[in-house]
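This report refers to the structure that appears directly beneath it.
The values are calculated or read from the model by the stated rules, or taken from the named source; none is laboratory data. Owing to the predicted nature of the structure, the values given are computational and were not obtained by experimental measurement. Because the Cβ atoms are built from the backbone with ideal geometry, glycine has one as well, and the counts that use them run over all protein chains shown.
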Amino acid sequence: MSRLLLSLAAFTLVALPAHAETVNVAVAANFTAVAEELAQLFTAETGHDVELSFGATGGLYTQITQAAPFGVFLAADTARPELAITEGHAVDGSFFVYAKGRLALYGPGRDLSAGEAALKADFSQIAIADPNAAPYGKAAVETLTALGLYETLEPKVVWGENISQTLQFVESGNAELGFVAASQVLGKPDQWLVPEDLHAPIAQGAVLLKEGENNPAAIAFVDFLKSQTAVAVIEASGYSVP
């Protein structure tokens, strides 16, 4: 065996864990594509496996309180990860903000460059994620309220269970417009990036859950999210990182 191959073999033995573990991660639906990319990079770097479960932040938190086997929680808000610590479901001191999102109004084939004016144009339905479960839906309701349009448009609202279903409503034509995560429509035309002063900041928090407290893969995944590699992927996907 050549010196190069011996060196590579030695590096692999050092770089990868002696026993690969699996971490189950609960992920807010808006972060689906990014989480899938990060999971692949994490496995390649550490040898640990990642199983991802996506959904609305509120729904995922309900599962966590019912002892779902998640080791890490990536929410679309900060309230529920902090509540997870308060209520004893997460490890003290593990909370951090892994991304800050933006809200976008999306309508394929529509000129939304005028922003607010598009919400006063003629359309039949607008999709919004359930504000009680999805922070992006809450931000959408806050936006319409700030613009004085919520009461007028509420009869036209089609409520999505989460932000992924909300985007599906728009892309399938079941709603002409929809408030979605800007990261979901990154690079697409026909959107309006909602000014951040129209709603509360969409800071997305993460915590190490008690289920993952002694799991090397869960601990390593939390550390990986803070790495330069992960931050670069997150920022390239339309988020900012504090």
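Values as computed for the structure displayed
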read-out	value
Residue that is surrounded by the fewest Cβ atoms within 10 Å (Cβ to Cβ) [pool: residues in the stretch 180-197 that are under 20 Å from LEU60 (Cβ atoms) and either in contact with a strand residue (DSSP E or B) (Cβ under 7 Å, 6 or more places away or on another chain) or of a type in the set (D, E, K, R) (or both)]	SER183
Single residue of the stretch 101-147 satisfying the filter (under 24 Å from the mean Cα position of the chain (by Cα) and basic (Lys, Arg)) that is farthest from ALA56 (Cα to Cα)	ARG102
Selection status of SER240, under 20 Å from PHE95 (Cβ atoms) and out of contact with any Phe, Trp or Tyr (no Cβ under 8 Å at 6 or more places or on another chain)	yes
Subset tally (residues that are assigned to a strand (DSSP E or B) and out of contact with any Lys or Arg (no Cβ under 9 Å at 6 or more places or on another chain)) for the stretch 89-98	1
ALA200 surrounded by 21 or more Cβ atoms within 10 Å (Cβ to Cβ), at negative phi, out of contact with any Lys or Arg (no Cβ under 7 Å at 6 or more places or on another chain) and not β-branched (Val, Ile, Thr)	no
Close pairs from the stretch 113-135: first aliphatic (A, V, I, L, M), partner in a loop (DSSP other than H, G, I, E, B), Cβ under 6 Å, at least 6 apart	ALA118/LEU112; LEU119/LEU149; ILE126/ALA175; ALA127/ALA175; ALA129/ASN162; ALA133/ALA56; ALA134/ALA56; ALA134/ASN162
Of the criteria (1) outside the structural domain of GLY187 (by TED's automatic domain parsing); (2) surrounded by 23 or more Cβ atoms within 10 Å (Cβ to Cβ), which one GLU87 fails	(2)
Criterion violated by GLU116 - all others in (1) in a helix (DSSP H, G or I); (2) touching a Gly at 6+ places or on another chain (Cβ under 6 Å) satisfied	(2)
Inter-residue pairs, beta-carbon under 8 Å, first among the charged types (D, E, K, R) and in the stretch 159-182, second assigned to a helix (DSSP H, G or I), 6+ apart	GLU161/GLY59; GLU176/VAL170
Answer from ALA140, ALA133, ALA118, ALA129 - the residue that is among the small types (Gly, Ala, Ser) and out of contact with any strand residue (DSSP E or B) (no Cβ under 7 Å at 6 or more places or on another chain)	ALA133
